[in-house]
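The values are calculated or read from the model by the stated rules, or taken from the named source; none is laboratory data. Model, not experiment: these values are computed from the prediction. Because the Cβ atoms are built from the backbone with ideal geometry, glycine has one as well, and the counts that use them run over all protein chains shown. SASA here: full protein model, heavy atoms, side chains in, ligands and nucleic acids out. Shrake-Rupley method; radii C 1.70, N 1.55, O 1.52, S 1.80 Å.
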Amino acid sequence: MNASQKEAWFNLVVVLAALLMVAALVPFLGKGAMGGFGLLGFLGLSPVFFRKQQGAVVLDERDTQIRLRSQFCAHLVFWLLFVLAAMSAPAIYGWEGSVPVVLVMQSVFCGLTVIQGVSSLATLIQYGRGGHDAA
């Protein structure tokens with residue numbers, strides 16, 4: 001398993017852990033469950049997988065292409081969901097209604113989880129299940 005796959009698995013676990021934490025806290029804390037998104041801070045540790053090791057190539061051209069395609073897929077899904085949410089807001093809150101601040105704040109974290117989750121999944125799919133060709 002190469003560095004990109006390790007990073008993708010790590011990011012996917014962090015995103016899923018944050019979503020599970022928020023879902024578990026909602027019945028008890030309500031809006032305070034957004035604190036579970038604090039686990040997304042661990043995404044900042046993902047560059048650790050790309051440390052230069054003695055005599056080893058960390059990324060090659062194939063890894064770069066896979067990363068670019070994964071980011072393209074993630075941003076495509078994000079913008080589709082963003083437009084869908086923006087277009088459905090008048091149907092939910094009315095043309096003169098106001099959107100709750102907590103919903104706006106949650107949308108930022110949900111956008112981050114969508115981008116990181118889809119990008120990680122796309123990376124893992126492009127490398128294949130076995131991982132034998134990625135080493």
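Residue-by-condition table, conditions (1) within 19 Å of Ser119 (Cβ to Cβ); (2) small (Gly, Ala, Ser); (3) touching an Asp or Glu at 6+ places or on another chain (Cβ under 9 Å):
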residue: Gln5; (1), (2), (3): yes, no, no
residue: Leu19; (1), (2), (3): yes, no, no
residue: Lys31; (1), (2), (3): no, no, no
residue: Gly41; (1), (2), (3): yes, yes, no
residue: Pro47; (1), (2), (3): yes, no, yes
residue: Leu68; (1), (2), (3): yes, no, no
residue: Phe82; (1), (2), (3): yes, no, no
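If only one of Gly128, Gly111 is free of Cβ contacts under 8 Å to residues at least 40 places away in the same chain, among the small types (Gly, Ala, Ser) and under 16 Å from Asn11 (Cβ atoms), which one is it?
On the way: Gly128 fails: under 16 Å from Asn11 (Cβ atoms).
Just a single option satisfies the conditions, and that option is Gly111.
Being among the basic types (Lys, Arg), over 13 Å from Glu7 (Cβ atoms) and either touching a strand residue (DSSP E or B) at 6+ places or on another chain (Cβ under 9 Å) or open to solvent by 40 Å² or more (accessible area, probe 1.4 Å) (or both): is that true of Arg62 here?
yes
Of the residues in the range 17-51, how many are open to solvent by 80 Å² or more (accessible area, probe 1.4 Å), aromatic (Phe, Trp, Tyr) and touching a residue at least 12 places away in the same chain (Cβ under 8 Å)?
1
Identify, from the list Ala89, Ala135, the residue that is of a type in the set (A, V, I, L, M, F, W, C), farther than 25 Å from Gly41 by Cα and at pLDDT below 85.
Values: Ala89 fails: at pLDDT below 85.
Among Ala89, Ala135, only Ala135 is of a type in the set (A, V, I, L, M, F, W, C), farther than 25 Å from Gly41 by Cα and at pLDDT below 85.
Kindly establish whether Val83 is assigned to a loop (DSSP other than H, G, I, E, B), open to solvent by less than 80 Å² (accessible area, probe 1.4 Å), more than 20 Å from Gln5 (Cα to Cα) and out of contact with any His (no Cβ under 7 Å at 6 or more places or on another chain).
Details: assigned to a loop (DSSP other than H, G, I, E, B): no; open to solvent by less than 80 Å² (accessible area, probe 1.4 Å): yes; more than 20 Å from Gln5 (Cα to Cα): yes; out of contact with any His (no Cβ under 7 Å at 6 or more places or on another chain): yes.
Spelling it out, it is not the case that Val83 is assigned to a loop (DSSP other than H, G, I, E, B), open to solvent by less than 80 Å² (accessible area, probe 1.4 Å), more than 20 Å from Gln5 (Cα to Cα) and out of contact with any His (no Cβ under 7 Å at 6 or more places or on another chain).
Do we have Val104 as open to solvent by less than 90 Å² (accessible area, probe 1.4 Å), modelled with pLDDT under 95, within 27 Å of Leu39 (Cα to Cα) and over 22 Å from the mean Cα position of the chain (by Cα) here? Break it down stepwise before answering.
Details: open to solvent by less than 90 Å² (accessible area, probe 1.4 Å): yes; modelled with pLDDT under 95: yes; within 27 Å of Leu39 (Cα to Cα): yes; over 22 Å from the mean Cα position of the chain (by Cα): no.
No.
Could you check the range 1-11 and list, in sequence order, the residues that are of a type in the set (A, V, I, L, M, F, W, C) and either open to solvent by 20 Å² or more (accessible area, probe 1.4 Å) or more than 26 Å from Ile66 (Cβ to Cβ) (or both)?
Within the range 1-11, Met1, Trp9, Phe10 qualify.
Which residue out of Gly44, Gly32 is among the small types (Gly, Ala, Ser), assigned to a helix (DSSP H, G or I) and more than 17 Å from the chain's Cα centre (by Cα)? Walk me through how you get there before you give the answer.
Working: Gly44 fails: more than 17 Å from the chain's Cα centre (by Cα).
Testing whether each residue is among the small types (Gly, Ala, Ser), assigned to a helix (DSSP H, G or I) and more than 17 Å from the chain's Cα centre (by Cα) leaves just Gly32.
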